[in-house]
Amino acid sequence: MGRRGDEKSGFASGLWFRHIVGGDVVGRRKRLGVPLIPGRVASRSQTARRAGEQPVACGRRRWIVGAASFAIMTLVVGAALGHVPLAGSAAVAVLIPAAVIDIEHRRLPDVWVGGALVALIATLATQWAIGDPVDTGAGIRNLLGGAAVMGLPVLVMHLASPMSMGFGDAKAAIVLGAAVGTVDWRLGGVALCLAALSGTAVGLLTRQRTIAFGPYLVAGAWVTLLAHEPMMQSLTSGVVGP
């Protein structure tokens, strides 16, 4: 392809994969989390991070893994009982381990984000192929709408300040928005609001200067899927019919 082709390929690869090693790289410094105080991004070198931060305690790790297992089981049971959409549940369930990794290492691996997207598309395609009585056109519009409502604000934040919001968060938000969009596209906004509010509250209560935003995005989508019926009732209660 030549040098220009290699440069383009390198740029595209860097755009997609640069967060996988622990955050967006700026010079020799790496982003360690989403800043709660605008303009005060806590960035340190990887060496300083290893030297200055203690590993996740064993007790805390067990609590995190237990909470993640509980979250996955609730989605499995809800999908089995027909209370939550199977495709949306599959996508969110795949991203729960990614949230655990983000808590411990401040990164959302592409293998999990891509796996969630594959699970969502494969499950929907199977349901439509076996004749699931749904409006395919409306379903696609809801998927794209949910992805846009939840993913675009995070993507804009990443483009405006790559050190503050990682590209992995933006990709996860797009997939999660599509997952809750299996119910209704408007729930993407609900999930994003829940993520932002819960992340800010926990960060302020624990006095953290930065937070890993991925777990809150996943938690927001998880809560939205499980509680989508009352949420939809609230969203539609103010709609005036013709």
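The values are calculated or read from the model by the stated rules, or taken from the named source; none is laboratory data. Every value quoted in this text rests on a predicted model; they were computed, and no experiment measured them. Note that we place each Cβ from the backbone using ideal geometry, even for glycine, and neighbour counts take in every protein chain shown. Please note that ligands, DNA and RNA were not included when accessible areas were found on the heavy atoms of the full protein model with its side chains. Shrake-Rupley method; radii C 1.70, N 1.55, O 1.52, S 1.80 Å.
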Of the candidates A219, A172, the one satisfying the condition of being at pLDDT 95 or above and open to solvent by less than 10 Å² (accessible area, probe 1.4 Å) is A172
Those residues of the range 97-126 which are touching a helix residue (DSSP H, G or I) at 6+ places or on another chain (Cβ under 7 Å) and among the polar types (S, T, N, Q) amount to T123
Across (1) open to solvent by 10 Å² or more (accessible area, probe 1.4 Å); (2) in a helix (DSSP H, G or I); (3) over 22 Å from I72 (Cα atoms); (4) not aromatic (F, W, Y), Q208 clears everything bar (2)
Flagged pairs (Cβ under 7 angstrom, 6 or more apart or on separate chains; first in the range 202-214, closer than 14 Å to I64 by Cβ; second open to solvent by 20 Å² or more (accessible area, probe 1.4 Å)) are A212/I103; A212/R106
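Among the residues of the range 72-86, write down those that are within 19 Å of P97 (Cα to Cα) and touching a residue at least 40 places away in the same chain (Cβ under 8 Å).
T74, L75, G78, L86
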Quick check: is even one residue across the range 92-104 closer than 13 Å to V183 by Cβ and either touching a strand residue (DSSP E or B) at 6+ places or on another chain (Cβ under 7 Å) or in a helix (DSSP H, G or I) (or both)?
yes
From the option list I140, I103, I96, single residue qualifying as more than 27 Å from V202 (Cβ to Cβ) and either touching a residue at least 40 places away in the same chain (Cβ under 8 Å) or open to solvent by 60 Å² or more (accessible area, probe 1.4 Å) (or both) is I140
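Surrounded by 14 or more Cβ atoms within 10 Å (Cβ to Cβ) and either at pLDDT below 95 or farther than 22 Å from R186 by Cα (or both): does that describe R62? Don't jump to the end; show me each part of the working.
Details: surrounded by 14 or more Cβ atoms within 10 Å (Cβ to Cβ): no; either at pLDDT below 95 or farther than 22 Å from R186 by Cα (or both): yes.
So R62 does not fit the description; no.
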